[in-house]
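Working notes, structure below.
The values are calculated or read from the model by the stated rules, or taken from the named source; none is laboratory data. The shown structure was predicted, so the numbers you read here are calculated from the model rather than taken from an experiment. For neighbour counting, all protein chains shown are included, and Cβ atoms are generated from backbone atoms with ideal geometry for every residue, glycine included.
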Amino acid sequence: MAVELVNAGVTVIATGGAELPVFAAKAAAAKAEIPVVFVMGGDPVALGIVQSMARPAGATTGISMLTSVLENKRFGLLHEIVPAATAIAALIDPSRALAPTQTAELQDAALHAGVHLIVLNSHAGVDVESAFATAVSQGAGAVQLAASPNFLAKREQIVALAAQHRIPAIYEWRDFTDAGGLMSYGTDLADAYRQEGGYVAKVLNGVKPADLPVMQVTKFEFVINLKTAKTLGFEFAPTVLARADAVVE
């Protein structure tokens, strides 16, 4: 797809989803020197996409959504809201370059919380039903879905599995909560893509990507679904409800 865009002679390529589209666009656009503006969850410096956040260099810049570094925050929320869970399962997509970092962050968070972490690797093509079944069989009292666009694409199935097993779960995006998930904490996706659109406009107006520092998102949202909570027989404490940015009823 990236090669097709380059062959079509586009002025700029905007990517979204994760790190893979950025790698593909950069590789295809390098010879033609076509600028690339991205939205991604991983660390673009650590992944070698840009030289630094302040000075990206080259023809690539964009928006960092910090999705992976929020794993600790999501885990902390889940542990606070479901304190009775002495074991928490984490579904991680091993196809992502960030998977080892996500695993390490969650293991560290679990260690500090005194909770047993059950790490379940689930590729996009693997049946997530087995992952939930394993989590329940190993005594998980709650589940955390690690950040992955592949999981987002399966959100309806994943949310249905959590309901089927009657297990509290926390997700990355509001899309999960709107689909019936119990709660989510993460970047405001719409805001991130608005920021990307602004950068694309600047590039189209002649600004070089190298002169546009990689922006980090500043808008996050904690969303809870009261309808799902009622179905699960789960109650949110008043203090938690007060902290929510949005409530699905």
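In the list ASP211, ASP191, which residue meets the criterion of being at negative phi and modelled with pLDDT of 95 or more?
ASP211 is the lone residue from the list that is at negative phi and modelled with pLDDT of 95 or more.
What strands (runs of 3 or more DSSP E) completely inside the stretch 142-249 contain at least 1 residues that are farther than 24 Å from GLU105 by Cα? Can you show your working first?
On the way: elements: 142-145, 169-171, 183-187, 220-225, 246-248.
Passing ranges, in order: 220-225, 246-248.
Is it the case, given these coordinates, that PHE220 is of a type in the set (Phe, Trp, Tyr), at pLDDT below 95 and surrounded by 13 or more Cβ atoms within 10 Å (Cβ to Cβ)? I'd like the intermediate steps shown before the answer.
Working: of a type in the set (Phe, Trp, Tyr): yes; at pLDDT below 95: yes; surrounded by 13 or more Cβ atoms within 10 Å (Cβ to Cβ): yes.
In short, yes.
Within the stretch 103-128, how many residues are part of a helix (DSSP H, G or I), within 16 Å of PHE151 (Cβ to Cβ) and at pLDDT 90 or above?
Final tally of qualifying residues: 2.
Evaluate the stretch 20-28: report whether one residue or more is surrounded by 15 or more Cβ atoms within 10 Å (Cβ to Cβ) and in contact (Cβ under 8 Å) with a residue 60 or more places away in the chain.
No, the stretch 20-28 contains no residue that is surrounded by 15 or more Cβ atoms within 10 Å (Cβ to Cβ) and in contact (Cβ under 8 Å) with a residue 60 or more places away in the chain.
Looking only at the stretch 214-230, decide whether some residue is touching a Gly at 6+ places or on another chain (Cβ under 7 Å) and more than 28 Å from VAL143 (Cα to Cα).
Checked the stretch 214-230: at least one residue is touching a Gly at 6+ places or on another chain (Cβ under 7 Å) and more than 28 Å from VAL143 (Cα to Cα).
(1) modelled with pLDDT of 90 or more; (2) in contact with a Leu (Cβ under 7 Å, 6 or more places away or on another chain): which one isn't true of VAL37, the others all being true?
VAL37 satisfies every listed condition except (2).
Does THR187 satisfy the criteria of being out of contact with any Lys or Arg (no Cβ under 6 Å at 6 or more places or on another chain), more than 28 Å from THR86 (Cβ to Cβ), polar (S, T, N, Q) and crowded, with 24+ Cβ neighbours inside 10 Å?
Yes.
Hand me the list of strands (runs of 3 or more DSSP E) wholly inside the stretch 34-100 holding 1 or more residues that are on the phi > 0 side of the Ramachandran plot.
Working: elements: 36-40, 60-64, 87-92.
Fully inside the stretch 34-100 and qualifying: 60-64.
Does ALA140 fit the bill of being within 21 Å of VAL159 (Cα to Cα), touching a residue at least 40 places away in the same chain (Cβ under 8 Å) and surrounded by 16 or more Cβ atoms within 10 Å (Cβ to Cβ)? Reasoning before the result, please.
Numbers: within 21 Å of VAL159 (Cα to Cα): yes; touching a residue at least 40 places away in the same chain (Cβ under 8 Å): yes; surrounded by 16 or more Cβ atoms within 10 Å (Cβ to Cβ): yes.
Yes, satisfied.
Could you tell me which of the residues VAL248, VAL200, VAL240 is within 24 Å of the chain's Cα centre (by Cα) and within 20 Å of VAL159 (Cα to Cα)?
Result of the check over VAL248, VAL200, VAL240: VAL248.
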